[in-house]
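> Sharing a structure with you now.
Values in this text are rule-based calculations from the coordinates and carry no lab data. Just so it is clear, the model here is predicted, and its values are computed rather than measured. Here the Cβ positions follow ideal geometry from the backbone for every residue, glycine too, while neighbour counts run over all protein chains shown.
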Amino acid sequence: MTRKEFLKSTGFSLAAVSLPFFSFNESKENDVPAIGLCGSWDKSPLAKQAGCSYIESGVANLLMPDKTDAEFKNQFDALAATQLLPVECFNVFIPKELKSVGDQANHERIVKYASVAFQRAEIVGAKIIVFGSSGSRTIPDGFDRTKAKEQFTSLCKQLAPIAAKHNITVAIETLNQSETNFLNTLKESVEIVEAAHHPNLKLMCDIYHALKENDPASELIKYKKHLVHCHIAEKQERTAPGVKGDDFKPYFSALKKINYKGRISLECKWNNLEAELPVAVKTLREQYEHA
């Protein structure tokens, strides 16, 4: 079902929902990138009040690729009723039970699951699905790493053309070693992107993970042609910007040098979302402006 057909079946007109669902908040030159909140779409009112311009939701939470179209329609109706912030990105992509690498790798089921996710993400109006999925991509003990890399590259080669049919870009996320033993640096992730060689497979930088792995900001400049998305949180406890006082300006300076046009999503551990989110948005904007 196409986006237009789905909207018609739900009773919403394309014009009525085009503003909140199909916007793409790219930054303008020298502007602070669009700032979003990683979390459930029902946090949209709070996020908007804090200064965010979009939500980044979990694939299973909203798109529900393992559920029926009727169940997804109920979710979509609830989302459409809020009419506040667009859901422009998705994360938490592949369930940990569906292995991307190793002896139990199941690419057939992953492709089936992802195909539904891509279709429904287009209906919602999103542009990016982040491929972090540590549980899915972690290499089992004793499994050959070269073979695992070949498996993951093969999977990405299968996913990218399907994503392209739905105007979705899959962005590979670099994760620190406490979460997975595979793709821990931007360089390693870029090797997959370049091997898959498809315009709908790109790179994202989570600045929290970069800080944990001492992945330098200069890597953003080196791999600028692949970069489409960013996440951020403070290094020590994944707190929100402004809690511990981390300085992100080296990374922001690199983003400004490459004229970054994407978004920055706050993916943090919150003690008090209502109190901390406005401070995080303010801190991010101020540091970016002074980077």
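> Assuming a ≥ b ≥ c are the square roots of the Cα gyration tensor eigenvalues, decide whether the stretch 141-215 counts as rounded (a/c under 1.5), prolate (otherwise, with a/b larger than b/c) or oblate.
Because a/c hits 1.5 or more and a/b fails to exceed b/c, the stretch 141-215 counts as oblate.
> Fewest Cβ neighbours within 10 Å first, please rank D215, D141, D246 accordingly.
In increasing order of surrounding Cβ atoms, one gets D141, D246, D215.
> So what is the relative contact order of the chain, in percent, for Cα pairs below 8 Å that sit 6 or more residues apart?
Reported relative contact order: 19 percent.
> Suppose every Lys and Arg Cβ carries +1 and every Asp and Glu Cβ carries -1, with no other charges. What dipole size does the chain come out with about its Cα centre, to the nearest 20 debye?
Result for the chain is approximately 620 debye, rounded to the nearest 20.
> If one puts a single equal scatterer on every Cα of the chain and applies the Debye formula without solvent, what log₁₀ I(q)/I(0) results at q = 0.06, 0.07 Å⁻¹?
Evaluating at q = 0.06, 0.07 Å⁻¹ gives log10 I(q)/I(0) of -0.18, -0.24.
> Quick one: of the DSSP bridges fully inside the chain, what percent are antiparallel, nearest 5?
0 percent
> Something else now. Rounded to two decimal places and with Rh computed the Kirkwood way over Cα pairs, what is Rg over Rh for the stretch 171-291?
Rg divided by Rh gives 0.96.
> Give the relative contact order (percent, whole number) for the stretch 197-287; include only Cα pairs under 8 Å separated by 6+ residues.
Answer for the stretch 197-287 is 31 percent.
> Compute the signed sum of charges (Lys and Arg +1, Asp and Glu -1) over the other residues within less than 13 Å, Cβ to Cβ, of S189.
My count for the surroundings of S189 gives -3.
> Moving on to the next point. For the cross-link pairs K99/K165; K48/K212; K43/K96, which exceed 27 Å when the distance is taken from alpha carbon to alpha carbon?
Pairs exceeding 27 Å: K48/K212.
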